[in-house]
Every structure is written in C-alpha cells, then in structure tokens.
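For reference, the structure discussed in these notes is given below.
The values are calculated or read from the model by the stated rules, or taken from the named source; none is laboratory data. Keep in mind the model is a prediction, meaning the values are calculated, not measured. Here the Cβ is made from the backbone with ideal geometry for all residues, glycine too, and neighbour counts use every protein chain on show.
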Amino acid sequence: MTDIDAGAPLMTAAFKAKVIPGQAINSLMGKGKIPMGKTDIARLRQELPDLLTTIPGLKKKTANEWSGPCPFCGGKDRFTVFLDSGRYMCRQCTPKGGDKLDFYCKKENNDMKGLAAKYLSETSFSSTRERHTKDYTYLSADGTPFMEVSRYDKPNGEKRYHPKRSDGKKVAGMKDHIPYNLPEVIKADLVFVPEGEKCCDALKELGLTATTNPGGAGLWQDNLNQYFKDKDVIVLPDNDKPGHEHTKKIIKGITGIAKSIKIINLPGLPKAGDIFDWLEAGGTKDQLLELVEQEAELETGPVACNSISNSYMQ
C-alpha cells in the first residue's frame with residue numbers, strides 16, 4: 001500500500017521549512033501568514049501548467065496514473081502523477097510528493113507568493129506584493145544555460161533577484177559565477193560593464209557587448225576577473241554610493257588582467273540612475289562612444305580605485 005493509498009501526508013517538515021506547501025495553505029491563511037485570498041490560490045492552481053505537459057517522459061500506466069523519470073532526483077520509473085487528485089509522488093525523493101502547488105514551489109525553488117507574482121497578472125495583494133518582471137539567462141562559454149536570474153520589482157522601487165542554477169546545485173555560497181553574456185564577452189575586444197542585466201540588454205540593442213555579475217552591486221566575485229584578460233573594459237557605474245563602491249571592487253579585481261580600463265560617469269544622471277536611464281533620456285550610442293573616446297585610461301594600482309568622484313561616496 002502506497003502513501004497515497006493510505007492517505008498519509010506527503011510533505012515533510014524539511015520541505016515545509018523551505019516553501020509553503022499546498023496542503024498547508026488554508027491553515028497558514030487563517031494565521032495571516034499568506035497575504036493571498038482563496039480566489040488568488042484557486043486562480044494560481046488553474047494558471048499553473050498541467051503536470052503532464054510539464055514533466056517529460058511520463059507514460060500512461062493506468063487510467064488514473066502516469067509514470068516516468070523523476071524531474072527532481074532523475075530516478076527512472078519511480079515518479080507518478082495521479083489524475084484524480086492532481087497529486088504526484090516519487091518513491092525516492094524527500095519529501096515524496098504533493099499537489100501541483102508543491103511541485104512548482106519545489107521545481108522553481110519558490111514559495112506561494114513568488115509563484116503568484118510570476119503566474120498571476122493581478123491578485124488581491126497586488127498593491128503590496130512584488131512583481132516578477134524579467135528572467136535573465138546566464139550562458140556558459142559553449143552557449144548552454146548555466147543559471148537563470150529572475151528579477152522582482154517591489155512597490156517601493158527596490159529590486160530583488162532570485163537565481164537558480166541549471167544544474168540543480170545550490171546557489172547559496174556558490175563561488176563559480178560567470179559573467180552575463182559570456183559567449184559574447186569571450187569574442188569581444190571591447191566590453192562594457194554596467195550594473196544589472198537590464199542595462200546590459202539595453203547596450204546589446206545598440207550592438208555593444210556588455211556584461212554584469214549576478215545579484216547586483218557588491219556581489220562581484222574574484223572568479224569573474226579571469227574573463228576580462230586582455231579586454232578593453234568600460235565600467236558604467238550607477239549614480240549612487242553602492243554603485244561606485246561596486247565599481248571600485250571591479251577595478252581592483254581586473255587591474256593587471258584587463259588590457260585597459262575606463263570609468264564613464266554618465267552626465268546628467270539622477271541619483272541612483274544608470275545607463276538604461278541615460279539612454280531613455282535621449283542618450284545615444286554615438287554620444288556614449290564619444291565619452292569613451294574622451295576618457296583617459298586608468299592607471300593600475302590604487303590610483304584606479306581612487307579615481308571615482310568622491311561626491312558619489314558621501
């Protein structure tokens with residue numbers, strides 16, 4: 001007799017600690033821990049893709065059961081979807097299974113609120129929740145996906161980034177970050193380094209090679225420096241203290257590795273503004289390249305790190 005047959009709970013305490021399981025929704029809503037209405041949750045269940053269309057390799061076993069390789073542990077013929085209940089089970093995984101909400105929480109390493117932000121255009125908590133705005137894929141040197149970074153915008157203007165590695169390894173503590181647009185960076189002689197994937201995409205539309213690091217300001221890893229060997233690097237700081245501190249960290253890392261380094265403090269930027277804002281305000285590719293041409297290369301050593309305007313460091 002299986003856990004399903006016995007009606008035993010499928011979600012373990014370990015899994016509950018990481019996500020909000022579908023089984024626990026009603027009790028948590030009653031305690032005010034989920035700022036979603038019952039209508040939101042019903043809509044979310046409806047909007048989430050059907051498990052049979054999401055999980056490859058499933059084959060019909062009975063009128064009610066479809067089985068195949070587990071998308072989480074990779075075990076063959078140990079994963080089953082039950083059509084009548086909409087639940088799934090894997091004999092090897094811990095926890096062993098759950099419903100559609102549990103599946104997507106685990107698959108996307110997300111919680112109920114995060115799923116709603118991604119799959120629902122509006123919810124009853126839309127005025128206070130963060131909004132899923134974009135997914136950015138980091139590619140390895142051979143062009144295969146390495147990591148996806150999801151951007152969430154908060155009502156107060158702050159941003160949150162949720163990374164997920166394609167190989168399933170934990171993101172926390174990872175020391176092998178790669179730069180955004182790595183295949184293009186490898187081929188290019190001139191590389192722009194703004195802060196954030198959105199800025200990189202804006203520069204790419206102009207035909208320029210641009211890259212950044214996952215997570216934003218302050219998270220530049222030493223592992224990234226190697227990719228700038230013999231490159232002409234143009235750093236484009238955000239117009240705020242975190243942005244310029246971030247630039248100092250980049251310069252310190254790539255000095256002695258890059259062929260040349262220039263910092264472009266874009267004219268007319270508002271506080272916390274960036275290259276995307278500058279282009280939106282009417283800046284052009286020709287103007288940017290003219291600024292690059294006029295800017296002197298940084299010297300190596302401490303001088304490079306001290307060249308950023310002190311007015312931004314107050």
Contact list please: Cβ distance under 6 Å, first residue in region 265-293 and in the same structural domain as Leu203 (by TED's automatic domain parsing), second residue of a type in the set (Gly, Ala, Ser), pairs at least six apart or on different chains. Phe276/Ala202; Leu279/Ala202
Name the pairs whose Cβ atoms lie under 9 Å apart, with the first residue in region 56-81 and assigned by TED's automatic domain parsing to the domain that holds Cys93 and more than 20 Å from Cys105 (Cβ to Cβ), the second among the hydroxyl-bearing types (Ser, Thr, Tyr) and not in a strand (DSSP E or B), and 6 or more positions between them or separate chains? Asn64/Ser85
Number of the exception - Met36 against (1) over 24 Å from the mean Cα position of the chain (by Cα); (2) modelled with pLDDT under 85; (3) over 25 Å from Lys169 (Cα atoms); (4) crowded, with 18+ Cβ neighbours inside 10 Å: (1)
Top-ranked residue in region 96-116 [being of a type in the set (Gly, Ala, Ser) and over 14 Å from the mean Cα position of the chain (by Cα); ranked as nearest to Lys159 (Cα to Cα)]: Ala116
Looking only at region 140-187, count every residue that is outside any loop (DSSP other than H, G, I, E, B) and surrounded by fewer than 12 Cβ atoms within 10 Å (Cβ to Cβ) and tell me the total. 1
Which members of region 59-117 meet the condition of being surrounded by 18 or more Cβ atoms within 10 Å (Cβ to Cβ) and β-branched (Val, Ile, Thr)? Thr80, Val81
